[in-house]
Amino acid sequence: MTAGPIALVGSGEYLAVMAEIEGALIAGRAPRYVQLATAAAPEGDESLARWHRLGREQAERLGVEQVIVDVRDRADADDPAHAAAIEGAGLVYLSGGNPAYLAETLRDTAVWRAIVDAHAGGAALAGCSAGAMALSDWAPRMRELNAVEPTGLGLVPHVRVIPHFDRMLSWVPDVLRNALLRLPEGSTLLGIDEDTALVGGPHEWTVQGRQSVWVLGHGHRQEHPSGSTLTTP
């Protein structure tokens with residue numbers, strides 16, 4: 001079977017502004033919208049409840065079934081019941097929070113294997129902000145953006161993502177410099193603006209949403225506005 005599309009999203013998961021993109025991802029696939037708010041688990045029950053509510057509202061907008069896979073730690077991620085809940089997904093979505101925590105919680109677990117299998121079987125797979133970072137090989141703790149060792153899940157190991165790119169440099173001024181210093185040869189560093197997604201993969205992509213995706217290098221930025229395509233090596 002053909003693997004489903006991947007969406008690397010700068011921000012806006014489950015919001016009305018992104019409904020068209022999420023609807024296109026699940027269109028023609030099983031109407032089961034599987035949602036994991038794992039990256040927000042360190043923030044506590046209130047934050048998780050907010051993500052689950054937003055996910056429910058988006059599923060209702062799209063007319064599909066919300067399936068919450070409530071993975072908060074590695075024990076949850078190895079629970080066969082959680083892994084089984086992913087089967088038959090049309091779209092699996094990893095929402096925002098802490099990218100390193102998300103990658104460390106899912107790596108080499110039953111739930112991650114189920115996600116990979118679902119995607120390989122045709123389900124769309126999206127990650128927003130922390131989720132987008134974790135799908136690459138670089139999912140740092142936000143206070144350790146110069147970390148040497150890659151920590152992501154490695155589904156798209158040839159790209160690295162800076163989400164919220166139109167705002168991130170004001171939040172973490174050194175993020176671009178540190179990311180470029182640690183960029184492996186052959187990898188592409190992408191800045192994805194808020195309310196914007198890079199859809200396709202693993203090498204051919206289309207920019208969708210309100211703003212742009214930027215291919216970043218030492219001393220240059222190449223803008224790819226919404227509607228354009230780009231290729232990653």
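Each value in this text was obtained by applying a stated rule to the coordinates, not by laboratory testing. Treat the numbers as computed from the prediction; the structure is a model and nothing was measured. Note that we place each Cβ from the backbone using ideal geometry, even for glycine, and neighbour counts take in every protein chain shown.
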Give me the distance in nm between label points sitting 7 Å out from Cα along the Cα-to-Cβ direction at Ala120 and Arg141, one decimal. 3.3 nm
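Could you tally the net charge around Arg32, taking each other residue with its Cβ under 10 Å from the Cβ of Arg32, Lys/Arg +1 and Asp/Glu -1? Display every interim value, and only then the final one.
Values: positive: Arg29; negative: Glu65, Glu87.
So the environment of Arg32 carries a net charge of -1.
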Please rank Trp138, Trp214, fewest neighbouring Cβ atoms within 10 Å first, as an exposure proxy. Trp214, Trp138
How big, in percent, is the set of alpha carbon pairs in the chain lying more than 24 Å apart? 37 percent
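Once the piece of chain linking His158 and Leu181 is laid out straight, how much longer is it, given 0.36 nm per residue of separation minus the C-alpha distance between them? Let's see the in-between values first.
Working: separation 23, 0.36 × 23 = 8.28 nm, distance 1.57 nm.
Extending this stretch completely gives an extra 6.7 nm.
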Per-residue ellipticity at 222 nm for the chain, helices alone: DSSP H runs ≥ 4 residues times -39500 (n - 2.57), over residue total, nearest 500 deg cm²/dmol? -9000 deg cm²/dmol
Candidates Val71, Val111, Val17; GNM for the chain (alpha-carbon contacts under 10 Å) flags as most fluctuating Val17
Output the antiparallel fraction of DSSP beta bridges having both residues in the range 6-231, as a percent to the nearest 5. 50 percent
